[in-house]
Structures are given as structure tokens and as C-alpha cells.
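A.B. asks: Here's a structure for you.
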Amino acid sequence: MENITSTIQAVPLNHYILLSAIIFTIGVIGVLVRRNAIIIFMSVELMLNAVNLLLAAFSSYSGDASGQVFVFFIMALAAAEVAVGLAIIVMVYRNTSSIDINILNRLKW
Amino acid sequence: MSLFYVVAFLSIIFALLVIFTKNPVHSVLYLIATFFTFTIHYIILNAQFLAVVNFIVYMGAIMVLFLFVLMLMNLNTDTEPMKSTLLKVVGAIAGGCLLVTLVGSMKTLSSASTTAMDNTGIGLVENLGKVLFSDFLLPFELSSILLLAAMVGAVLLAKKDNKTA
């Protein structure tokens with residue numbers, strides 16, 4: 001454990017910000033270019049995880065435990081969100097026999 | 001030092017594979033790999049409690065949910081709806097603009113706190129538990145109500161409706 005914790009001193013905080021920005025952008029691109037509702041949902045999970053990693057990195061680098069507690073709450077919220085969202089997707093699939101989100105464009109009125 | 005960069009590279013590769021693979025089942029499997037690399041990131045950050053919770057919640061609970069829903073729907077590459085090439089290019093360009101904006105705003109940050117003060121062990125279960133049950137006791141209890149509401153809501157939504165349908 002000693003050599004693991006010594007590696008963190010060598011990595012600048014900016015690189016964690018860069019990694020989180022890249023992963024978050026990949027999630028945004030996934031939401032924009034795909035039409036499968038489940039893939040869009042997975043992209044949202046990717047964005048949530050990028051933010052989690054950034055919060056944990058800030059918490060570690062500033063020596064404040066509140067950030068990691070906040071990540072814990074986000075994880076509990078993500079579990080609830082996944083359950084409700086997948087139930088909605090199951091209901092959409094049962095009513096339309098497809099998970100193409102273009103079918104849902106009748107919602108826009 | 002180099003372990004972070006290897007794992008970060010793997011994270012980006014797996015995240016790209018999640019959104020560019022045609023088969024939804026492969027997407028879920030790549031998502032599991034991405035979450036595993038995030039677990040390694042938490043271990044590198046010495047946030048051991050978060051690493052364990054990430055492993056159990058994301059790679060256990062959430063991935064089982066995704067796989068079960070995919071199994072119920074019988075999807076494959078043939079039924080996969082795809083957008084037109086123009087919309088894909090526009091989406092990728094918009095995402096690239098977002099990335100440029102984020103990185104550009106990062107450049108204006110002051111790089112003050114680049115050294116880690118990691119010898120306090122704030123990521124351990126003992127220290128996190130003390131903070132969680134003293135300062136954050138009310139949000140912790142409220143999250144149980146959130147989970148209960150989500151459970152009831154999920155059952156209600158996924159239940160077959162006999163009256164209207």
C-alpha cells in the first residue's frame with residue numbers, strides 16, 4: 001500500500017481533470033449519436049462515473065472526506081435511477097416492441 | 001506513476017467501445033470493463049471504500065440489471081436502430097466542441113494543489129464512516145427514503161397494467 005499511495009504524488013491533478021473531461025465527452029457523444037435507448041442510458045452512467053472520479057480525485061488531493069461521501073450518495077442515487085429508468089425502458093418496449101427513441105417523438109406535443 | 005496512465009488509456013478505449021459497438025450485449029460488457037478500470041482508479045487514489053462500493057454496486061447490481069433487461073428484449077445487431085451519417089458527424093463535432101471548451105477552461109485554472117496529501121487515509125472506511133454518520137446523517141437517512149420510493153416506482157412501472165391495456 002505504501003508504493004501505491006506514493007504513485008499519486010507523481011500524477012498531477014490536471015490529468016485527472018483531463019481524463020474525466022474525456023470520459024464525460026464520450027458519454028455526451030454517446031447520447032448524441034445513438035438511437036438505442038439502452039445505449040443512451042449506459043452513456044448517462046458513463047457521465048455519472050466521470051463526475052464521481054473527479055470528485056474522488058479532488059477529495060483525495062485536498063484532504064477533505066466530504067467529496068468521497070458525496071460520491072457515495074451519487075452511487076446510491078445512480079442505483080435508484082437505473083432501476084426506475086430500466087423499468088421505463090421495459091414499459092416502452094412492451095408498448096412499442098422497439099427501443100428506438102425516434103418512436104417516442106410523438107411525446108413532443 | 002505509469003500505472004495511472006495505463007489505466008486511464010484503458011478507460012478511454014473501453015468507453016469509446018461502449019458507444020461505438022453495434023451489438024448492445026457487447027456494449028454492456030465493455031461498460032463492465034470501464035467500471036473495472038474506474039475501480040482501479042479509486043484504488044490508486046487510496047479511496048478504498050469507494051473502490052469496494054463501486055465494484056459491488058456498479059459491476060454487480062447495475063450490470064446485472066442491464067443484462068437482464070437486454071435479455072428480456074431479445075436485441076441484436078440486425079434490430080439495432082442507427083442514425084444517419086450526417087447526424088453522427090454532427091454529434092461527434094458537438095461533443096468535440098464540448099471537450100475543447102472543458103480543456104480550454106481547465107487551462108485557466110491555477111495549478112496550485114498538484115501535490116497530494118494522501119497520508120491521512122481519508123478514503124478508509126473508518127474515517128468516511130465518522131464523517132457520514134456525524135455531518136451527513138440526515139442526507140444518509142433521506143437516501144433510504146429515495147431508495148424505497150425508487151423500488152416502489154420501478155415495480156409499479158414495470159408491472160403489466162390490466163385495467164387500461
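The values are calculated or read from the model by the stated rules, or taken from the named source; none is laboratory data. Only a predicted model underlies this, so the values are computations on that prediction, with no experimental measurement involved. Reconstructed Cβ throughout: ideal geometry from the backbone, glycine too, with neighbour counts over all protein chains shown. Keep in mind that these areas ignore ligands, DNA and RNA; they rest on the heavy atoms of the full protein, side chains included. Shrake-Rupley method; radii C 1.70, N 1.55, O 1.52, S 1.80 Å.
A.B. asks: Which one of A:MET47, A:MET91, A:MET75 has the biggest mean-square fluctuation once chain A is modelled by GNM with Cα springs under 10 Å?
C.D. replies: It is A:MET91.
A.B. asks: In whole Hz, with x marking every Gly and Pro, tabulate ³J(HN,Hα) for segment B:59-72 from phi via Karplus 6.51 cos²θ - 1.76 cosθ + 1.60, θ = phi - 60°.
C.D. replies: 6, x, 5, 5, 5, 5, 4, 4, 5, 5, 5, 4, 5, 5
A.B. asks: Turning to a different aspect of this structure: Count, for each residue of B:5-16, the Cβ atoms from other chains sitting within 10 Å of its Cβ, then give me the mean as a whole number.
C.D. replies: Across B:5-16, the average partner-chain Cβ count within 10 Å equals 4.
A.B. asks: How many nm is it between the label spots at A:THR96 and B:ASP135, if each spot is 7 Å from the Cα in line with the beta carbon?
C.D. replies: That separation, rounded to one decimal, is 4.4 nm.
A.B. asks: Given a 1.4 angstrom probe, what's the average accessible area per residue across chain A, in square angstrom?
C.D. replies: Working: 4350 Å² over 109 residues.
Heavy-atom accessible area per residue stands at 40 Å².
A.B. asks: For a quick protection proxy, order the peptides B:92-98, A:36-42, A:76-82 by their average other-Cβ count within 10 Å, most packed first.
C.D. replies: Ranked from most to least packed, the peptides come out as A:36-42, A:76-82, B:92-98.
A.B. asks: Here is a follow-up. Starting from the Cα of B:ASN127, step 7 Å toward the Cβ, then list every residue of segment B:45-72 with an amide N under 18 Å from that point.
C.D. replies: Backbone N within reach: B:45-53.
A.B. asks: Calculate the mean, over all residues of peptide A:12-24, of how many other protein chain Cβ atoms lie within 10 angstrom of the residue's Cβ.
C.D. replies: Taking all residues of A:12-24 together, the mean is 6.
A.B. asks: Ranked from highest to lowest mean number of other Cβ atoms within 10 Å per residue, what is the order of the peptides B:134-146, A:92-104?
C.D. replies: Ranked from most to least packed, the peptides come out as A:92-104, B:134-146.
A.B. asks: Sort B:57-66, A:17-26 for me by packing, meaning the mean count of neighbouring Cβ atoms within 10 Å per residue, highest on top. All intermediate terms of the calculation are to be shown ahead of the outcome.
C.D. replies: Values: B:57-66: 17.7, A:17-26: 21.9.
So the peptides B:57-66, A:17-26, ranked by packing, come out A:17-26, B:57-66.
A.B. asks: If you don't mind, another one. What is the average number of partner chain Cβ atoms found within 10 Å of a Cβ in B:82-94?
C.D. replies: 3
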